[in-house]
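Asks: Here it is, the structure in full.
The values are calculated or read from the model by the stated rules, or taken from the named source; none is laboratory data. What you see is a predicted model, and the numbers here were worked out from it, not measured in a lab. Note: ideal-geometry Cβ built from the backbone for every residue, glycine included; neighbour counts use all protein chains shown.
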Amino acid sequence: MIAPTSGTYPDMDDIRQFKEWQRFFQGADVVDVKTIESRNDLRTFVAASFSYHPWWVVMLYRIRTLIVCVLGLVKHEAPEQLPDLKPAQIPFAPGEKAIFFTVRLAKEGHYWIAETPPDKHLKAYVGILAEPLTSGLKRYYLVTIVHYLHWTGPVYFNLIRPFHHLVVGCMARAGARDY
């Protein structure tokens, strides 16, 4: 349910050609896409995805702190408590904050893209694109776009890559659940 297999699924080139998103793809070093289908609207999907934080994800963030120290990366303050977001709390205006992400581009019911906090090693965006299907379902594309800024960027990202796939896949499933 997470990976497209055939049929009407757009391929990566189709997503890269999505006019509004092109500026985020330019010069990207990593583009990762996970797909899943859900009846949830975009706000609900985003809220449920970003509210996914079981104990093991919290533990991964703690381990990340060690990697940050070893590589000499920017230490961002971790939120004291990870929120359980409600759909109405998801901002759609560029510049607004969603947890520690900054919204860069959003269109109600269609897409939502946010950027991670500034860093010296990489710049990353997370985007969610909603594709309506005839059955009343929506196909959601969770897109991660990474731009390396320093030699520590690929080192860091390749260390966390296996966990990235696991966490984003779980976030997709959380977003797709009935809310």
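Asks: Being under 18 Å from Lys34 (Cα atoms) and within 9 Å of the chain's Cα centre (by Cα) narrows it down to one of Leu142, Leu133, so name that one.
Replies: Leu142 is the lone residue from the list that is under 18 Å from Lys34 (Cα atoms) and within 9 Å of the chain's Cα centre (by Cα).
Asks: Every residue in region 161-179 that is buried (at least 16 other Cβ atoms within 10 Å of the Cβ) and touching a Leu at 6+ places or on another chain (Cβ under 9 Å), please.
Replies: Val167, Val168, Gly169, Met171, Ala172, Gly175
Yes/no per residue for (1) in contact with a strand residue (DSSP E or B) (Cβ under 8 Å, 6 or more places away or on another chain); (2) among the hydrophobic types (A, V, I, L, M, F, W, C); (3) surrounded by fewer than 16 Cβ atoms within 10 Å (Cβ to Cβ):
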{"residue": "Ala106", "(1), (2), (3)": "yes, yes, no"}
{"residue": "Gly109", "(1), (2), (3)": "yes, no, yes"}
{"residue": "Tyr125", "(1), (2), (3)": "yes, no, no"}
{"residue": "Ile128", "(1), (2), (3)": "yes, yes, no"}
{"residue": "Pro132", "(1), (2), (3)": "yes, no, yes"}
{"residue": "Lys138", "(1), (2), (3)": "yes, no, no"}
{"residue": "Leu142", "(1), (2), (3)": "yes, yes, no"}
{"residue": "Val146", "(1), (2), (3)": "yes, yes, no"}
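Asks: Of the residues in region 148-158, how many are crowded, with 18+ Cβ neighbours inside 10 Å and within 17 Å of Phe24 (Cβ to Cβ)?
Replies: Within region 148-158, residues that are crowded, with 18+ Cβ neighbours inside 10 Å and within 17 Å of Phe24 (Cβ to Cβ) number 3.
Asks: Of the residues Lys19, Lys75, Lys34, only one is at pLDDT 75 or above and surrounded by fewer than 14 Cβ atoms within 10 Å (Cβ to Cβ); which?
Replies: Numbers: Lys75 fails: at pLDDT 75 or above; Lys34 fails: surrounded by fewer than 14 Cβ atoms within 10 Å (Cβ to Cβ).
Residue meeting the stated conditions: Lys19.
Asks: Regarding Arg161, is this residue basic (Lys, Arg) and either farther than 20 Å from Phe24 by Cα or in contact with a His (Cβ under 6 Å, 6 or more places away or on another chain) (or both)?
Replies: Taking the combined requirement at face value, the residue does not satisfy it.
Yes or no, residue by residue, for (1) free of Cβ contacts under 8 Å to residues at least 40 places away in the same chain; (2) of a type in the set (D, E, K, R):
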{"position": "Ala88", "(1), (2)": "no, no"}
{"position": "Leu105", "(1), (2)": "no, no"}
{"position": "Glu115", "(1), (2)": "yes, yes"}
{"position": "Pro118", "(1), (2)": "no, no"}
{"position": "Ala124", "(1), (2)": "yes, no"}
{"position": "Arg139", "(1), (2)": "no, yes"}
{"position": "Val155", "(1), (2)": "no, no"}
{"position": "Val168", "(1), (2)": "no, no"}
